[in-house]
Every structure is written in structure tokens, then in C-alpha cells.
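Note sheet for the following structure.
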Amino acid sequence: MTARTAAAVASFALALTVSACNDVYEVPIETPIQPKMDVSPFQRVLIAGFLAGGSEDVDANLETVRLLRSQLRSKSQLKVIDADVLPLLELANEQRTDKGETSANGASPATPPPAGGPTPASNTTTQAPPKAKDVQQARIKDEKDLEPLEGIFANVDFWKKIGEEYQNPLIVTGSVLFTAHARSGFVQREQEVIDQLGRRRVVPVRTYMERKGFILQPKFIFIDGRTGTTIYSEGYKEEVLYSPQQTTPALSSYFELMDRLVPSFLSTLSTQKIKGSRVLMK
Amino acid sequence: MHLRQILAAALLVVSVSAPAVAKDARDVAKKHVEFGITVAQKGLWREAIYRWEQAAKIDPNYPAAFNNLAIAYEHEGQFEKARKAYERALELEPDNQLIRQNYELFKEINDRTNRRGSR
């Protein structure tokens, strides 16, 4: 039994007990959860962009940036900076290439695109060939593909430069892997049956089923825009499975899974309150 | 012999009056607990904390005072104080299911916070 299930059972038992006693009073409480990070040095936050991969039906970089910005606007004290989304995958690839060149000819690492200016993704004069983004994204299929690109998060100069351009905000970046997956196995579901006396009954039935769905694996990295160093990072993994009859668009699944993670993400930056009830006694 | 008689008399007085004193303490503490409940229901948790702290000081063996205090600390985000108060309440009344259930719900939130912290 998971902790959450145990808590739900305890809560139900609590309600039953309370209804049977006179000298007890159930009260609603809001437990404040302090943010994991001290964000007091920052007034502004930049959701820069993410190394994204997996399903080609969803632009996980763009969607994650949009979603987190809108959530932070309404649920955080920090001012959210509106800026072009960094094509982090391209930049990470460029940095890797440059790194190879650095050892050979001493070239400097890839620099971030200018603030407010066109990003390499939208810049038609960029040297990247057409559809380069699609080609690179297609290569990111799992965590192994992401690993060699994650060096960009440790590139202090790169992040410091971005920090300078946006007046030293808290920078949020990381990786988002949104992949389709299928799983087969026994699933318990309820089935209506009519017994010998003609009565309708619902009985649990175990059926072998092949289900399809998605896995979302984001890793959020929080970088100090003043120094370019990582302050904090956290990773999540959520999955959803649907019956074969169900046709759920990838984007809907993406939002369904992100909905589960957003409270945890927000509680890293701002105080969140968990509503519940407890029993006072005389 | 005279001294022995005085000591015996004193012992008798103490043994007779001790439960009465304890009962008085419980009565006073109970008034604080009840007032604390009234104000907590109105959302005045700080006042409730003050009342329940008084109750716990007057009668340190009163489980309800510690249970309520733990809830109030939890509401204020003072998790360490809440844990200690719950543990004291359970120490005084280990079989009380209400206290135990309150504590379980508290632990679930506290564990989740600590899990995040250890990431």
C-alpha cells in the first residue's frame, strides 16, 4: 500500500470515528509546505528551454516552457520573463561540436542567442540545414541519447551569459522525454453479470490486455543566473496507459502527465498549502 | 516518635490531596483546551496554540492538549514541534486511534516533504 493510499484510508477511518464521538471536532487545516529552494535572491525567473525528445507528435520543449511559464505567472511571486524559447537541443549539439573543435583549434564554445533576438530555430541565416531540429529530435529516443548533451547544463559561462542578458534571473531548464510505450498484462476491470435469479451484479474480471500510453520524464534544473551554476535539480517519471479502444492524442496525454507533476515543480519555488482535516479532542 | 508521627501525617495529607490537585489541574487545562478548540474553529490558530501550550504546561499528562497542539503546529508549518507533540500524545495514550490517525496523516505530508528534500 502506498503512503498516499494509506493516508486516504486513515482519512476515511478518521471521518467514521469522528461521527461516532461527541468530544471530538474535525477541523480543516492547510499545511504549508516550504519551498525546497531559497528563491529570495531572485525577483525574476526565466524558463529558458529544455532538451526534449521522444514522441514527434509533441514539441516537448515548447509545450513545457509555455506550461511552466503560465503556472508560475499565476502561482508564484516571481516575475516570469517573456523570451524566445531556447532551442536547447541545437545549442547542446553545437556546444558538443565546438568542444571537439576546441581541443583541436581552441575555438570558443557556442554562445547563447541574443536576448529578444531571433533564435537559431527561427533564424533563416543559421548554418543549420533545414529540418535539422527534426533530425536532431528524432535522435533523442531515450535517456541514453540525452546523456551526452547534458553537458550544456554544466556550462557555467553559457548560463552566466544568459543570466547577464536577462538581468540575473533564476533560470529554469532541464530535459523532457515524452515517449510512447505499450505494456501488456492482466488488468482488473468490473463486468456486469446476471445471476441465476436474474439479478444484475458487478464482478471484478481479470483480462489480458495490451495497453498503449506515454511516459513523461522531465528533469528540472534550476540555475543561478548570476553565477551560471546549478542550484538544484529534480527528476520525475510519470506514465499513463490506455485501453486499446481509447484513442488519446499525444498532446492530451502530455498535459495529463504534466498536471501530475506541476504541483511538485511549483513547490520547489513557492510555498504550497496542502488541504486536509484533523480531529481536535477535548 | 513525635517526628515519625508528623511524617506519617504529612504523607497522609499528600496521598489524599494529590489526586485532587491533579484533577484540578486537568479541569483548568480542559478549559484551555476547550477555548482553544473554539478559537481554532474560527481560524485563530495562534491563539489556539497559546491556549493548548498553557494546557500542556498545567497538565503535562493530558493527551488531548498535545494532540491539538500538534495539529496547530502542523497548520503553522512547524513540523518538528508537531512531531514531538504527536509523539507525546501517543506516549500518553498509545491506543487512541484518533491521535494515531492524525499522526499518520501528518507523517504522510512530512515524509513527502523530506523525500523532496533528499532529492
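Anything in the range A:19-65 that is under 26 Å from A:VAL80 (Cα atoms), within 14 Å of chain B (Cβ to nearest Cβ), out of contact with any Lys or Arg (no Cβ under 9 Å at 6 or more places or on another chain) and of a type in the set (A, V, I, L, M)? List them, or say none.
A:MET37
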(message) What pairs come out if I take residues in the range B:41-53 that are more than 17 Å from B:VAL28 (Cα to Cα) and exposed (fewer than 14 other Cβ atoms within 10 Å of the Cβ) and pair them with residues that are at pLDDT 95 or above and aliphatic (A, V, I, L, M) whose C-beta lies under 6 Å away, six or more apart or interchain?
(response) none
(request) Output yes when any residue across the range A:52-69 is more than 19 Å from the chain's Cα centre (by Cα) and farther than 17 Å from A:GLY174 by Cβ, and no when none is. (result) no
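Restricting attention to helices (runs of 4 or more DSSP H) lying wholly within the range A:119-216, give those where 1 or more residues are modelled with pLDDT of 90 or more, surrounded by 11 or more Cβ atoms within 10 Å (Cβ to Cβ) and not hydrophobic (A, V, I, L, M, F, W, C). Before you say what the answer is, go through the steps one by one.
Details: elements: A:132-139, A:143-146, A:156-165.
The helices (runs of 4 or more DSSP H) meeting that bar are A:156-165.
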(request) Hey, can you tell me all the residues within the range B:63-83 that are surrounded by fewer than 23 Cβ atoms within 10 Å (Cβ to Cβ), touching a residue at least 12 places away in the same chain (Cβ under 8 Å) and either at the interface with chain A (Cβ under 7 Å from one of its Cβ atoms) or acidic (Asp, Glu) (or both)? (result) B:GLU76
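Under the condition of being among the β-branched types (Val, Ile, Thr) and more than 22 Å from A:GLU143 (Cβ to Cβ), which residue from the range A:225-261 is farthest from the other protein chains (Cβ to nearest Cβ)? Steps first, answer last, please.
First, the residues of the range A:225-261 that are among the β-branched types (Val, Ile, Thr): A:227, A:229-231, A:240, A:247-248.
Going one step further and asking which of them are more than 22 Å from A:GLU143 (Cβ to Cβ), we end up with A:227, A:229, A:231, A:247-248.
Details: A:THR227: 21, A:THR229: 18, A:ILE231: 13, A:THR247: 35, A:THR248: 29 Å.
Per the stated criteria, the residue is A:THR247.
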(request) Test each condition in (1) of a type outside the set (S, T, N, Q); (2) more than 28 Å from A:SER270 (Cα to Cα); (3) at pLDDT below 85 for A:VAL24 and report the one that comes out false. (result) (3)
(message) B:ILE71 - would you say it is modelled with pLDDT of 95 or more and either part of a helix (DSSP H, G or I) or out of contact with any Asp or Glu (no Cβ under 6 Å at 6 or more places or on another chain) (or both)?
(response) yes
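Being more than 13 Å from chain A (Cβ to nearest Cβ) and not in a helix (DSSP H, G or I) is the filter here, so list the residues in the range B:84-94 that pass it. Reasoning before the result, please.
First, pick out the residues of the range B:84-94 that are more than 13 Å from chain A (Cβ to nearest Cβ): B:84, B:87-88, B:91, B:94.
Across the range B:84-94, the qualifying residue is only B:PRO94.
Residues are listed down the side, and each one gets a yes or a no for (1) assigned to a helix (DSSP H, G or I); (2) modelled with pLDDT of 65 or more; (3) of a type in the set (A, V, I, L, M, F, W, C):
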| site | (1), (2), (3) |
| --- | --- |
| B:ILE6 | yes, yes, yes |
| B:LEU12 | yes, no, yes |
| B:SER15 | yes, no, no |
| B:ALA25 | yes, yes, yes |
| B:ILE37 | yes, yes, yes |
| B:GLU47 | yes, yes, no |
(message) Suppose we keep only residues that are assigned to a helix (DSSP H, G or I) and among the β-branched types (Val, Ile, Thr) within the range A:262-282. Which one would you say is nearest to the other protein chains (Cβ to nearest Cβ)?
(response) A:THR268
(message) Restricting to the range B:18-34, and then to whatever is hydrophobic (A, V, I, L, M, F, W, C) and away from every other protein chain (no Cβ under 11 Å), can you tell me which residue is surrounded by the most Cβ atoms within 10 Å (Cβ to Cβ)?
(response) B:ALA25
(request) Residue by residue through the range A:42-83, note down the ones that are part of a loop (DSSP other than H, G, I, E, B), among the charged types (D, E, K, R) and surrounded by fewer than 18 Cβ atoms within 10 Å (Cβ to Cβ). (result) A:GLU56, A:ASP57, A:ASP82
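The values are calculated or read from the model by the stated rules, or taken from the named source; none is laboratory data. All values reported here derive from a predicted model rather than from experimental measurement. Here Cβ is always computed from backbone atoms with ideal geometry, including for glycine, and neighbour counts include all displayed protein chains.
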